[in-house]
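The values are calculated or read from the model by the stated rules, or taken from the named source; none is laboratory data. Here the structure is a predicted model, which means the values were calculated and not measured. Every residue, glycine as well, gets a Cβ built from its backbone with ideal geometry; the counts of neighbours run over all protein chains shown. We work out accessible area using only protein heavy atoms, side chains counted, and drop any ligands, DNA or RNA first. Shrake-Rupley method; radii C 1.70, N 1.55, O 1.52, S 1.80 Å.
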Amino acid sequence: QVQLVESGGGLVQPGGSLRLSCAASGSIFTITSMGWYRQALGKQRELVATITNGGSTNYADSVKGRFTISRENAKNAVYLQMNSLKPEDTAVYYCNAKRFATNYWGQGTLVSVSS
């Protein structure tokens, strides 16, 4: 089992920045990749960014150039730096870890972009 705890969400004005953090615990040595997904009200959950154990990253087109995912293996943590935030980035953001064929999810943290 893998446990994930997110932090760092909140209310920010358009054009602002936020940094999300996710701490992993449990059976972390067999995690193959980690990432962030988001779900806006009334919409399906969608991929935001992922990072593999080797450091390869993947981003949704809508966040390329604005968001940066990073990983700190010593702390079993993954981060999402979000810059130039837009109202359409408003959503609950979920941390994800993949271990074999299983997906693990955090409880989610709300990011609200509004003036």
Towards the positive end of the charge dipole of the chain, with charges on Cβ (+1 Lys, Arg; -1 Asp, Glu), say which of 82, 111, 53 has the farthest Cα.
-> 53
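With charges only on Cβ, +1 for K and R and -1 for D and E, what is the dipole size of the chain about its Cα centre, in debye, rounded to 20? Numbers along the way, then the final one.
Values: 11 positive and 6 negative charges, 23 e Å.
In total the dipole reaches around 120 debye.
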Modelled label reach - residue 17, point 7 Å along Cα→Cβ, region 84-114 residues with backbone N closer than 14 Å | 84-85
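Working with all protein chains in place, sort 85, 11, 110 by solvent-accessible area computed with a 1.4 Å probe, largest first. The partial results should precede the final answer.
Details: 85 5, 11 130, 110 105 Å².
If we order 85, 11, 110 from most to least accessible, we get 11, 110, 85.
Want the number for residue 77 to residue 3: 0.36 nm per residue separation, take away the alpha-carbon distance, what's left? Before the final figure, lay out each step's value.
Numbers: separation 74, 0.36 × 74 = 26.64 nm, distance 1.15 nm.
Net length gain for the segment: 25.5 nm.
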Residue separation times 0.36 nm, minus the C-alpha to C-alpha distance between residue 29 and residue 46: what's the value?
-> 3.6 nm
How do 96-103, 33-40 rank on mean C-beta neighbours within 10 Å, highest first?
-> 33-40, 96-103
Candidate lysines - alpha carbon under 24 Å from residue 98, same-chain residues fewer than 8 apart omitted = 43, 64, 75
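On the protein heavy atoms, probe 1.4 angstrom, tell me the percent of accessible surface of region 1-67 carried by carbon and sulfur. Walk me through the numbers on the way to the answer.
Numbers: 1870 of 3690 Å².
Heavy-atom surface of region 1-67 belonging to carbon and sulfur, 1.4 Å probe: 51 percent.
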Charge tally in the Cβ shell below 10 Å around residue 40, where Lys, Arg are +1 and Asp, Glu are -1, residue 40 excluded | 0
Full-stretch length increase - residue 84, residue 61 - with 0.36 nm per residue and alpha-carbon distance subtracted | 6.8 nm
